[in-house]
Structure formats: C-alpha cells, structure tokens
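What follows is a short report on a single structure.
The values are calculated or read from the model by the stated rules, or taken from the named source; none is laboratory data. The model shown is predicted, which means the values in this text are computed figures rather than measured ones. Cβ sites come from the backbone with ideal geometry, for glycine too, and all protein chains shown count toward neighbours. For accessibility, only protein heavy atoms count, side chains too; no ligands or nucleic acids. Shrake-Rupley method; radii C 1.70, N 1.55, O 1.52, S 1.80 Å.
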Amino acid sequence: MLCGVLLFSSVSPAFVASAAESSPIEMNAAEINNDALLEYAIELGVYFTDDEVIITDSQLLKLLEFQGVEIPEDGSQGGISLFREGVTKIVSRGSGSWDIYLSASFIRNYYWAIGAAATLIGVMAPGIGWGLAYAAVALVADLVSSNTQNGYVVSIRNYGISGAYMQ
C-alpha cells in the first residue's frame with residue numbers, strides 16, 4: 001500500500017524511508033486492536049461524525065500510550081503545554097479525499113512517534129489506510145521546525161497527497 005501511495009503523491013519514497021529510519025517507534029498496524037482503540041477514543045471524548053474526527057493533543061498522547069508507546073514523563077522527548085493545546089482534525093472530502101489538520105505542537109514535540117500517530121489516523125478515519133496516513137504525518141514532520149507555531153493541513157485527493165500548507 002505504501003509504495004502505491006507514494007507513486008501517486010508528491011512525497012518521495014526516499015523521504016518516507018528516511019523518516020521511518022529516524023523514528024525509534026516501530027508499529028505494526030496489524031497488531032493494533034482497532035475496536036479497542038476506537039472504544040478508548042470515544043471514552044476519552046474524541047469527537048467523531050461521519051465526516052470528521054477531532055483529537056486534542058492530550059487525547060492523542062493517551063491513545064499513543066494505549067498502543068504501548070512510552071511517553072517520557074521528564075519531557076526528554078519534548079512536551080506539550082496544555083495551556084495551549086493543539087488539535088488534530090481529519091475531515092472527509094468524499095471518496096478517497098481527506099484534509100488532515102495536524103497540530104504543530106504534537107508534531108514538534110512527538111515527531112519520534114509518527115508511526116503510532118499514523119496508525120491512529122488510519123484507524124479513526126476509515127479508508128485512509130496506514131501507508132497514506134504515515135506519508136501525510138511524515139511530510140508534516142519534515143515541514144515543522146521547532147520554531148513553527150502553526151499546524152499544517154495535508155490535502156489528500158484520490159488517495160494521493162495533493163499538497164500541504166500551513167494553517
């Protein structure tokens with residue numbers, strides 16, 4: 001799936017391979033219990049409609065921990081200030097098309113867990129799939145620097161990344 005996604009998107013296979021190598025988190029999407037993950041997301045108050053999913057940074061961190069990702073308490077891998085919590089949003093735009101609004105604070109502080117975050121997006125937004133979600137999150141992780149105060153929107157059209165822009 002990932003190779004097919006990359007053939008039709010503007011993200012280069014070399015970039016995604018590089019992002020995968022730099023991430024110490026190895027997630028096997030097949031090992032995730034999708035139903036349990038969705039049930040926990042609902043318990044946390046993640047907002048779901050037929051066309052939209054909205055996840056706060058703190059909810060996203062709890063969902064990562066639910067998947068077994070260790071979030072350092074000492075902030076050695078970064079940290080999110082709940083004073084100004086970011087939001088990640090997935091909006092369906094029809095068959096094979098989504099806009100993924102990624103929180104800059106999450107990407108800036110937890111870039112090392114992009115595989116797990118992509119798995120969450122793939123589970124919560126049926127049809128995107130892990131490979132396309134990973135390509136979108138990896139693209140934003142490459143765009144966001146430590147000084148960026150804004151999130152990014154990744155536009156997916158016809159199952160391929162059509163662009164990314166700052167919010």
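The amide H of residue 52, built 1.01 Å from its N in the peptide plane, has 92 as neighbours under 5 Å, considering only residues 5 or more places off or on other chains. Please compute the net charge surrounding residue 153, taking Lys and Arg as +1 and Asp and Glu as -1 over other residues with Cβ under 14 Å from its Cβ. Combined, the nearby Lys, Arg, Asp and Glu give +1. Near the amide H of residue 151, within less than 5 Å, lie the amide hydrogens of 104, 167, all on another chain or at least 5 residues away, with H placed in the peptide plane. 3J(HN,Hα) couplings calculated from phi for segment 137-143 with the Karplus curve 6.51 cos²θ - 1.76 cosθ + 1.60 (θ = phi - 60°) are, in sequence order, 5, 5, 4, 5, 4, 6, 7 Hz; Gly and Pro show x. Here's how it looks for residue 86: its modeled amide H is under 5 Å from those of 57, which are all 5 or more places away or on a different chain. Taking 7 Å steps out from each Cα toward its Cβ at residue 95 and residue 36 produces label points 3.6 nm apart. Applied to segment 110-115, the Karplus parametrisation 6.51 cos²θ - 1.76 cosθ + 1.60 on θ = phi - 60° returns per-residue 3J(HN,Hα) values of 10, 4, 6, 10, 5, x Hz, with x for Gly and Pro. The heavy atoms of residue 120 present about 0 square angstrom of accessible area, all protein chains included, probe 1.4 Å. The candidates 157, 108, 93, arranged from most to least accessible area with a 1.4 Å probe in the full protein assembly, appear as 93, 157, 108.
Going by accessible surface with a 1.4 Å probe and the largest first, 101, 152, 47 read 47, 101, 152. Coupling constants for segment 89-94 follow from the phi torsions by the Karplus curve (6.51 cos²θ - 1.76 cosθ + 1.60, θ = phi - 60°), and in residue order they are 10, 10, 10, 6, 10, x Hz; glycine and proline get x.
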